[in-house]
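Single-structure report; data block below.
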Amino acid sequence: MTLRYDLVVFDFDGTLADSLTWFRTALGDVVEHHGLPPVCDEKAESLRGLGPKEILEELSIPTWKVPFIAADVRKRAAENIDKITLYDGVSDMLRAIDDSGIEIAMVSSNGEEAVRAVLGLENSNRVSQFACGAAIFGKSQAFKKVIRKANTRAERTLSIGDEVRDIEAARESGTVCAAVTWGFATAEILTESKPDYLFDKVAEIIPTATAQARKLTDA
């Protein structure tokens, strides 16, 4: 038997790193800088239960503004690396996947320098591909690129994220998709989006990512 997956593609913010805690402190400045309506704590929390299009509508963000806001958030994140930390268990999880011989890629709208800084040298060395600075709604193309570079196929790739748009990008690229409940989106809306796997704890990723292909070969 062989491993079921050759490649695991991770989102970064909200999946591996607790960026949400920092972002909540920066949100007021971001909306003010871009001329958006103020967002109170209650409204910010309610956004977690919406899909990507609904979030843009709720915040009155025209699509043309999205790249500029994303670039601003990337810049702010790079300036506040010390306020963003990995979730507990992430280092052990990455080690287990890497030790299993599975390639790890990072597809994130955040900048590569910031991602590497939060991961640290040892974790960064476990990642074979960094596709960072990806467009907010352009992750599926980044998925396809890292799959080609890894010389594998979409059906032998597991992508893991924390938002509905991560699931949508996985569907568009044809990968097996998983979502985590500790990031931006609520467990309820993630469940409605029907990922192949839904993880409640970091450690749950390991057995799924490193599973052998018994079911595939028996089918």
Which helices (runs of 4 or more DSSP H) sit wholly inside the stretch 98-187 and have at least 3 residues that are in the same structural domain as ASP88 (by TED's automatic domain parsing), touching a helix residue (DSSP H, G or I) at 6+ places or on another chain (Cβ under 8 Å) and not aliphatic (A, V, I, L, M)? 121-125, 139-149, 164-173
State which residue pairs qualify: first residue more than 30 Å from GLU204 (Cα to Cα) and in the same structural domain as ARG24 (by TED's automatic domain parsing) and inside the stretch 61-90, second residue part of a loop (DSSP other than H, G, I, E, B) and at pLDDT below 85 in any location, beta carbons under 6 Å apart, and separation of 6 or more residues or different chains. VAL66/ILE136; ILE69/HIS34; ALA70/ILE136
Does the stretch 72-97 hold any residues that are within 19 Å of ILE160 (Cα to Cα) and in a helix (DSSP H, G or I), and which are they? VAL90, SER91, ASP92, MET93, LEU94, ARG95, ALA96, ILE97
Report whether or not PHE12 is of a type in the set (Phe, Trp, Tyr) and either touching a Pro at 6+ places or on another chain (Cβ under 9 Å) or outside the structural domain of ALA150 (by TED's automatic domain parsing) (or both). no
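Just to check your reading of the model, which residue among ALA178, ALA131 is in contact (Cβ under 8 Å) with a residue 24 or more places away in the chain, within 12 Å of the chain's Cα centre (by Cα) and over 26 Å from ASP72 (Cβ atoms)? Quick ask: steps written out before the conclusion?
Numbers: ALA131 fails: over 26 Å from ASP72 (Cβ atoms).
On inspection, the qualifying residue turns out to be ALA178.
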Among the candidates GLY35, GLY51, single out the residue that is outside the structural domain of GLY183 (by TED's automatic domain parsing) and surrounded by 14 or more Cβ atoms within 10 Å (Cβ to Cβ). GLY51
Suppose the filter is more than 15 Å from CYS177 (Cα to Cα), touching a residue at least 24 places away in the same chain (Cβ under 8 Å) and touching a strand residue (DSSP E or B) at 6+ places or on another chain (Cβ under 9 Å); does SER124 pass it? no
Do you know which of the residues in the stretch 79-98 that are modelled with pLDDT of 95 or more and loosely packed, with under 14 Cβ neighbours inside 10 Å is farthest from THR210 (Cα to Cα)? ASP88
Which residues, taken from the stretch 30-45, are in contact with an Asp or Glu (Cβ under 8 Å, 6 or more places away or on another chain) and in a helix (DSSP H, G or I)? VAL30, HIS33, LYS43
Just one of GLU172, GLU168, GLU112, GLU192 is out of contact with any Phe, Trp or Tyr (no Cβ under 9 Å at 6 or more places or on another chain) and over 19 Å from THR21 (Cβ atoms); which is it? GLU192
Does ALA114 satisfy the condition of being modelled with pLDDT under 95 and aliphatic (A, V, I, L, M)? yes
Checking ILE61, ILE69 in turn, the sole residue that is farther than 15 Å from VAL164 by Cβ and outside any helix (DSSP H, G or I) turns out to be ILE61
Can you find even one residue in the stretch 117-135 that is surrounded by 15 or more Cβ atoms within 10 Å (Cβ to Cβ), at positive phi and modelled with pLDDT under 95? yes
Among the residues of the stretch 197-213, how many are more than 16 Å from GLU163 (Cα to Cα), in contact with a Ser or Thr (Cβ under 8 Å, 6 or more places away or on another chain) and not in a helix (DSSP H, G or I)? 3
Could you list, in sequence order, the residues of the stretch 1-32 that are surrounded by 14 or more Cβ atoms within 10 Å (Cβ to Cβ), within 20 Å of the chain's Cα centre (by Cα) and farther than 30 Å from THR210 by Cβ? TRP22, PHE23, ALA26, LEU27
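The values are calculated or read from the model by the stated rules, or taken from the named source; none is laboratory data. Computed from a prediction, not measured in an experiment: that's the story for all the values here. Note that we place each Cβ from the backbone using ideal geometry, even for glycine, and neighbour counts take in every protein chain shown.
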